[in-house]
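What follows is a short report on a single structure.
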Amino acid sequence: MAAHSTKVYTRMNSIHTLKTEIYQLVHSVVESESTSTSPDSTIYRLGVLATGENLNNHANKELDFFSKKYDISRKLFAVYDKRGRKSCKEQLSQQGLQVFAGLLYLRVLLSIDQGASAISQAKYINVCWKAFDNIQLPDFLNAERAQLERLQDQLFEHLPVKSLHDKAQPHDTVTMAPKADWTGFRVLPIDVLFYEGPIARAYLEILYSLRCKPRRIIHLIAKRDLVTKKPVGTFLPLFLRNKYSATVQARKIHHWPKYLFRTHNKLCMELFDQLSETLKIEQDTLSGTINLRPLSHYCDNIISFPFNSLKDPELLEFIKQQNTSTYLFTGGGIIPKTFFSIKNTQFLHVHPGHLPDIRGADCLLWSVMLSDHPSATCFCMDAGIDTGNIINAAFLPQIKLPTAATNLDENMTYRLLYSFIDPWVRAVVLRDTLRLTGYLENIVSTPQAIDAGTTFHFMHTNMSSKVIKKFITERQ
């Protein structure tokens, strides 16, 4: 009991000291920045948080707002309007960012002191690391890096989250897909919005393995180079330009999967063996994401559609003209909200996280971190982020990485996961969804509880390195 009391006292003392340091920092900013007196300015709003009694609880909507903005873009603007949009081009000053970083760290301490859920603590620590890495911290915050690392270690000791782990436990096997009982190929009532990449390829391969073909493939061909953003193939006549642009796009998007398969072939083949055994996928199907078969192999009706982005008005107009249709979205950006107002049209998406529990980005990692299992959900998209009606949400068995993966650095292991595991986690749930919906002839969806679950953003390397180790060491 005495040791516990000492820890509580020390933590409370740290919170008090940190509040004092932030308070003093705010006063120095107020004296140096003219915008600090404007109630609409970011620095004024952060100052109100820091100097009042507004941050006595880790759950704080005002700090959540700024935290989300920073978590996504690694920057804050000097002023935001009442709708939460930036209303100037000027970014928050370095001193203002220091105040913000202090508040993020204070929120971490408060969440632990107040017994917040492990999920909340994970979100708070993740964005705090991003701030600590990208902001020129004052000395009193720089000195807290080791403590933040210890708090993160303590969090991982209490994972997985029991509620999520309990959901995942009954789903420790995947059933083999039944053999098709039709002659030839069955044409599904769906068009694939095909954006080249391992995910789209995995979907087409899984459909083909079931002897199914989509009604059409709408091949979204990037007009601009994915890296340089310069127009591609402008020197070619139009009938050759699309083919050339598609080739350039495929070469760049599949660079890392092909590189890994070429330079670590034994590792990749061992991983394919694991995926084949665990997810019940045949080897020839798995290799399809490397072989890059022509799209005509998967569908008899291919429409090439050159585009700059999903915001292109020509794409919106094209979708409108199709009348009734269901689309499988495979990537390429964020679908504009205007698409969801098109009558008799729906967009299906497979998200690599169990909805509504795990929304957002890097959800393969967040799912494994929080539940110890990968998961995915097929759902009908709407204007929100992963908030549409759920068709099929599933946890999957743990997936092992071969011991040879220890020879890869963390960046390359991350690429391995997103080249070969994330796409097949999604594809297997798509396969299961076909069975549940009578091959999309009878789609039944259920609204999400919007307030349930958590939206995550990209995982900081300090956390992702620990999750990657779970794939390699704890699964042997």
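Since every read-out is calculated from the coordinates, none of them should be taken as a lab result. For clarity, every value in this text was computed on a predicted model and none was experimentally measured. Cβ placement follows ideal geometry from the backbone for every residue including glycine, while neighbour counts extend to all protein chains displayed.
Output the pairs from Lys252/Lys466; Lys258/Lys470; Lys258/Lys320; Lys89/Lys320 with a Cα-Cα distance over 32 Å in this structure; if there are none, say none.
Where the Cα-Cα span goes over 32 Å, the pairs concerned are Lys258/Lys320; Lys89/Lys320.
Which one, Leu401, Leu286, Ile385, projects farthest toward the positive side of the charge dipole computed for the chain from Cβ point charges (K/R +1, D/E -1)?
Leu286
Can you find, among Ile253, Ser296, Phe272, the residue sitting farthest towards the positive end of the charge dipole of region 238-302, where Lys and Arg contribute +1 and Asp and Glu -1 at Cβ?
Of Ile253, Ser296, Phe272, it is Ile253.
For the chain, what is one quarter of the convex hull surface built on the Cα atoms, given in nm²?
Here the figure is 25.5 nm², rounded to one decimal.
Would you grab the residues whose amide H sits under 5 Å from the one on Ser304? Only those 5+ places off in sequence or on another chain, please, with H modelled 1.01 Å from N.
Excluding prolines and chain starts, which carry no amide H, the hits are His219.
Give me log10 I(q)/I(0) at q = 0.18, 0.26 Å⁻¹ for region 37-94, Debye formula, one equal scatterer per alpha-carbon, no solvent.
-0.61, -1.22
Distance check, please: which entries in Lys19/Lys61; Lys123/Lys229; Lys68/Lys130 exceed 23 angstrom between their Cα atoms?
Among Lys19/Lys61; Lys123/Lys229; Lys68/Lys130, the Cα-Cα distance tops 23 Å for Lys123/Lys229.
Any idea how far the Cα center of region 197-248 sits from the one of region 53-91, in Å?
38 Å
Pairs of alpha-carbon atoms within less than 8 angstrom and 6+ residues apart define the contacts here; what relative contact order does the chain have, in percent?
In percent, rounded to a whole number, it is 15.
What are the residues whose amide H is under 5 Å from the amide H of Ala78, where those residues sit 5 or more places off or on another chain and H is modelled from the backbone?
Distant-sequence amide H within range of Ala78: Glu90, Gln91, Leu92.
Pop a pseudo-label 7 angstrom from the Cα along the beta-carbon direction at both Phe156 and Thr234 and give the gap in nm to one decimal.
Modelled inter-label distance: 4.8 nm.
Note down the relative contact order for region 281-439 as a percent, whole number, built from C-alpha pairs under 8 angstrom at least six residues apart.
Relative contact order of region 281-439: 16 percent.
So if each residue of separation counts as 0.36 nm, and I subtract the Cα-Cα distance between Ser276 and Lys179, what length gain in nm does that give?
Contour length minus Cα-Cα distance gives 33.3 nm.
Nearest 0.05, what FRET efficiency do Arg251 and Ser73 give at R0 = 22 Å with Cβ-Cβ as r?
0.15
Ranked highest first by the average count of other Cβ atoms within 10 Å around their residues, in what order do 432-443, 138-149 fall?
By packing density, highest mean first, the sequence is 432-443, 138-149.
Quick check on the chain: helices-only [θ] at 222 nm, where DSSP H runs of length 4 and up contribute -39,500 (n - 2.57) each and the sum goes over total residues. Nearest 500, please.
Theoretical 222 nm ellipticity from helices: -15000 deg cm²/dmol.
Tell me, what ³J(HN,Hα) does each residue in region 377-390 have, in order and in whole Hz, if you take phi through Karplus 6.51 cos²θ - 1.76 cosθ + 1.60 with θ = phi - 60° and put x for Gly and Pro?
9, 8, 8, 8, 5, 9, 6, x, 8, 6, 10, x, 5, 8
For region 306-385 and region 400-476, write down the distance between their C-alpha centroids in whole Å.
Between the Cα centres of region 306-385 and region 400-476 lies a distance of 16 Å.
Where the eigenvalues come from the Cα gyration tensor of region 199-248, what are the semi-axes √(5λ) of the equivalent ellipsoid, largest first, in whole Å?
Gyration-tensor ellipsoid for region 199-248: 28, 13, 7 Å.
Restricting to Cα pairs below 8 Å that are 6+ residues apart, what does the relative contact order work out to for region 225-298? Please round to a whole percent.
19 percent
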